[in-house]
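Below is one structure, written out as C-alpha cells; comments come after it.
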Amino acid sequence: MDLLNYAFMQRALIAAVLVGITAPAIGIYLVQRRQPLMGDGIGHVAMTGVGLGFLLNASPVWMATAVSALGSVLMELIRWYGKTRGDIALAMLFYGGMAGGVMFVNIAPGGSNANLMSYLFGSLSTVAPSDVTAIMILAAFVVAVTLGLRRQLFAVSQDEEFARVTGLPVRALNLLTAVTAAVTVTVAMRVVGLILVSALMVVPVAAAQQLTRSFAATFAIAVAIGVTVSIGGTVTSFYQDVPPGATIVLLTIGAFVVLTALATPLARRRARAAAAAQPAGDPAECSIPVTRGAGDEVGV
Amino acid sequence: MTGTETEDDTVGEPVIAMRGVTAELGSRPVLRGIDLTVRSGEVVALLGANGSGKSTAVRSIIGQVPVSGGTIELFGTPRRGFRDWARVGYVPQRTTAAGGVPATVTEIVSSGRLARTRFGVFRKADRAAVQRALELVGMADRAKDSVTALSGGQHQRVLIARALVAEPQLLIMDEPMAGVDLASQEVLARTLREQVAAGTTVLLVLHELGPLEPLIDRAVVLRDGCVLHDGPPPRAVGQHALPGHDHVHPHAPAGAEPIRTGLLS
C-alpha cells in the first residue's frame, strides 16, 4: 500500500471514508421522503458558495457550507409556501446557483473555470489539510444528526402528517434535514464533486434496499456500500489516474446492479419460506365465519 | 348546524369541541359552520357522502387543515395552544402505504411512541408498549416483516397500533374500514371494543356504519359542509339503506364481481 506514503492520499482517503458514511446516512431520509434529487439541487446552489469563496478569498468549503445551507432552507420554505409555483422557484434557485458560481469564479482575481472543475468533479490532489479539518467537523455534525435523531427523522420522513399529530417539531426537523443534506454536499464536494454528490446519497440506499426489509438494516448496509465504493474509487483513481468522483459513482451503480442480481433468488427463497410457514400462520386470515353478512361480499 | 343534542349524564367533559368551524380548500368552502362536541367516553361516527367535508372536519381538529372561522378545543384547550399530543391517537386515511425505504412493522409502530419519549430515547417500557400494541391488533407475529409485504387490512392494523402505542385518551380514525378484508375488520372491531371498554373516546370517519355499528353511541352526518343529523346512529336509513350501496367497492377493478366463492364458500 504505497499510496499511504503520500500525505495527499492520506487526506483524500480520510475524506473519502467520511463521504462514504455521511452521504448515504442523510440520503436515506431524502429517499424515504421521496425527494432523492434534493442533494442534486443543493449541489448546484453550493457552486455559488465555492465561487464566493474564490472571490472573497475565503475557504470555499466553509463558504459553500454557508451558501448551500441557506439555499436548502430556502428550498424547504418554498416547499411549504409555494404550492403551485414551487417547481419553478426551485428551478430558478438551482440554475441561479450554478450561474452564480461560474460568474463569481470568473470575476475573482486570478480565477478561471479551471479552479471550479476540481469542485465540480472532485480531485484527490487538491484536498488541503484545512479541508480535512473542515470535513471532519462537518461529518461529525451529519453523523450526530442522522444517528441521534434517527427516530424523529424516520417518523417525519415516513408520514409527515402523523408526525405532526405526535407533537414532533416537524418544521424544525425538516429544516434540520435540509441543512444536514447541505452540509453533506460540502463534505462530499472535494472528493466526489458537486455534480455527482447526489448519486452517493441515493444509489447506495437504492442498492441496500434490494436486500433489506427494515430501515435500520437499509441504513447500515447503505453506509457500508458508501464507504466501500468511496475507498475503492479513491484507490482506483490513484492507480489508474481517472477522476475519483466518476469512479466512485460508477462503482456505486455497479454495486446496485450486483445486489439487484443477488436479490432476485433471495426474494424467491423468502417467498418459498413464507409459503411453507403459511399453514401454521395467522388463523384469523383463513377463518370461515359461521354466518355470512353483507360485509362478506367483498370485491377484493 | 342544529341537530338534537344527546346529552347523556354518564358521559363527561368535552374532549373535542368545534363551534361554527369554517374551512376552505382553495376558494371552495368545505366546512360551512360545523358544531361538533365529543365528550369523554363517547364513540362518535362522522358520516357523509364523498365530498361532504367529513375528512376535512377531522383534519381540522388535528390541525392539518387551516380553519377560517369558529373555534376548536381539544381537552378544553384551544387547539392552537394544545401541546399534549400524547393524549391523541390519529389513524390517517390510508393513502401512501410505505415510504421510499423499507421499514418493518415494529419500526412504523415505534414512531407512534415518540409522543411519550424524551428526545426519542426508547426505554424498556416503550419497547413493551410497542409489543403490546402489536398484540392488540394481532400483528405481533409480523413484527419483523416489511410493511410492503402486508395486505391492506394488515397495513391498517399497523397504523392503528401506531396510534394506540402512545396510549391515547382520544382516538381519531379516518375511514379505518376502507379497503379492509373481513378478517382485519373483525380484528379492528374487537380492538376498538377493547379501547372503548377501557374508556377511550373515539371519533371515527366512516363511509357506512358496517361492523362497528354496535359500538357507536352517536352519529353525526355531514352534507355539503353542514351538520345534517346529530343523534343516535341512523339505522337502515340514509345512505347505507340504499340497495346496492354496500356492494360498491372503489378498490375493485371496474366491473368486478364480488367474490362469493373461495375462502367463504
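Read the figures in this text as sums done on the coordinates, not as results from a lab. Just so it is clear, the model here is predicted, and its values are computed rather than measured. Backbone-built Cβ (ideal geometry, glycine too); neighbour counts: all protein chains shown.
Some observations on this one:
- Residue exposure sequence - A:Ile42, B:Ile62 - by fewest surrounding Cβ within 10 Å: B:Ile62, A:Ile42
- Pairs of Cα atoms in the range A:2-195 fall into 5 Å distance bins, from 0 up to the last occupied one, in shares of 1, 8, 16, 20, 19, 15, 11, 6, 3, 1, 0, 0 percent.
- Efficiency of FRET from Cβ geometry, A:Glu160 and A:Ser130, R₀ 41 Å, rounded to 0.05: 0.60
- Relative to the longest principal axis of the Cα atoms of chain A, helix A:215-240 runs at roughly 30 degrees.
- Here the 3J(HN,Hα) profile of the range B:132-146, calculated from phi with Karplus coefficients 6.51, -1.76 and 1.60 at θ = phi - 60°, is 5, 5, 5, 5, 4, 9, x, 10, 4, 6, 9, 3, 9, 7, 6 Hz, Gly and Pro shown as x.
- Kirkwood Rh, Cα atoms: Rg over Rh of the protein assembly as shown: 1.04
- Rounded to the nearest whole Hz, the Karplus-based 3J(HN,Hα) values (6.51 cos²θ - 1.76 cosθ + 1.60, θ = phi - 60°) of the range B:57-64 follow the sequence 4, 5, 5, 6, 5, 8, x, 9, with x at glycine and proline.
- Sites A:Arg34 and B:Gln93, calculated FRET efficiency, Cβ-Cβ separation with R0 22 Å, nearest 0.05: 0.75
- Segment B:Thr71-B:Asp84, length gained on full extension (0.36 nm per residue, minus Cα span): 2.9 nm
- Note, ³J(HN,Hα) from phi for the range A:198-211, Karplus 6.51, -1.76, 1.60, rounded to Hz, x at Gly and Pro: 4, 4, 6, 7, 9, 5, x, 5, 4, 5, 4, 4, 5, 9
- On Cα atoms only, tilt of A:7-32 relative to the major axis of chain A in degrees: 40
- Residues B:His155, B:His229 arranged by fewest to most Cβ contacts within 10 Å: B:His229, B:His155
- Peptide A:143-151 is shielded by partner chain Cβ atoms: per residue, an average of 2 of them sit within 10 Å of its Cβ.
- Full extension of the chain segment joining A:Leu175 with A:Leu70 gains 36.8 nm, where the gain is 0.36 nm per residue of separation less the Cα-Cα distance.
- Label-point separation in nm, A:Leu250 to A:Asp2, each point 7 Å along Cα→Cβ: 2.4
- Pairs of Cα atoms farther than 25 Å apart, the range B:14-234, %: 39
- Nearest 10 degrees, 0 to 90: helix A:38-55 Cα axis against chain A principal axis: 10
- For the protein assembly as shown, adding -39500 (n - 2.57) for each run of n ≥ 4 DSSP H residues and dividing by the number of residues yields -17000 deg cm²/dmol at 222 nm.
- Computed over the range A:111-231, relative contact order equals 33 percent, with contacts defined as Cα pairs under 8 Å that lie 6+ residues apart.
- Relative contact order %, the range B:14-234, counting alpha carbon pairs below 8 Å whose residues are six or more apart: 31
- For the range A:2-195: relative contact order, % (alpha-carbon pairs under 8 angstrom, 6 or more apart): 37
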